[in-house]
Amino acid sequence: PTAGLALNAWLSYAIAGVLMLALLRACGLGVSASLFGAFAFAFGGLMTANAHFYMRMNALIWLPGMLHACLRIGAPDVTGTARIPAALGLATCTAMSWLAGFPPFAIAASTCAGAIAAVLVVRTMARDGARSGAQIAAWFVGAFGLGLALSAVQIAPMLGYYPEASRDLA
């Protein structure tokens with residue numbers, strides 16, 4: 001188990017770094033700045049402090065993937081079915097974050113990605129009109145919904161268990 005947990009931590013660092021590198025490159029940063037940002041995210045305080053809590057770290061590593069997918073769905077040059085890969089990426093990253101087993105961090109990551117999605121919807125509405133904004137919103141709702149549905153195998157039992165597991169405070 002010890003070797004497995006160490007391997008899990010290093011794989012999590014790698015996934016976090018690669019996803020952040022892709023996000024920063026998509027945002028237009030240069031290679032060296034993107035590498036620095038990816039290293040800072042993957043090995044920064046939040047990840048390092050939670051590396052021994054595999055479920056916490058694993059819920060966070062998918063955030064850059066969620067944000068990258070949101071930016072691709074909301075990109076003005078991406079239209080129609082060209083949004084499918086980004087929507088599937090958003091659904092996958094959302095599901096993986098929730099399946100990690102630590103809802104507080106999964107909620108934080110999903111809320112952050114949802115806020116970016118909302119900004120992109122409003123920006124699209126202002127630029128292209130209400131109909132285009134509604135189409136983008138439907139892509140986001142569908143992708144987030146698919147991700148949550150994929151993780152429902154774990155979320156549903158957890159929602160039933162936590163109220164039962166709570167201690168009586170009285």
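Quick rundown of the values:
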read-out	value
Total residues in region 117-137, condition within 15 Å of Leu71 (Cβ to Cβ), small (Gly, Ala, Ser) and exposed (fewer than 13 other Cβ atoms within 10 Å of the Cβ)	0
Test: residue in region 82-98 that is of a type in the set (Phe, Trp, Tyr) and either part of a helix (DSSP H, G or I) or more than 24 Å from Phe43 (Cα to Cα) (or both)	yes
Answer residue from region 44-70, given it is assigned to a helix (DSSP H, G or I) and small (Gly, Ala, Ser) and is farthest from Ile155 (Cα to Cα) among those	Gly45
Neighbours by Cβ (under 7 Å, 6+ apart or cross-chain): first from region 80-103, of a type in the set (D, E, K, R); second open to solvent by 40 Å² or more (accessible area, probe 1.4 Å) and part of a helix (DSSP H, G or I)	Arg83/Trp139
Which numbered condition Pro85 misses (of (1) under 16 Å from the mean Cα position of the chain (by Cα); (2) under 27 Å from Ser132 (Cα atoms); (3) surrounded by 19 or more Cβ atoms within 10 Å (Cβ to Cβ))	(3)
Selection count, region 96-116, where residues are closer than 13 Å to Leu67 by Cα and open to solvent by 40 Å² or more (accessible area, probe 1.4 Å)	5
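The values are calculated or read from the model by the stated rules, or taken from the named source; none is laboratory data. All values reported here derive from a predicted model rather than from experimental measurement. Positions of Cβ are generated from backbone atoms using ideal geometry, with glycine treated the same way; all protein chains shown enter the neighbour counts. All accessible areas refer to the heavy atoms of the entire protein, side chains included, with ligands and DNA or RNA removed. Shrake-Rupley method; radii C 1.70, N 1.55, O 1.52, S 1.80 Å.
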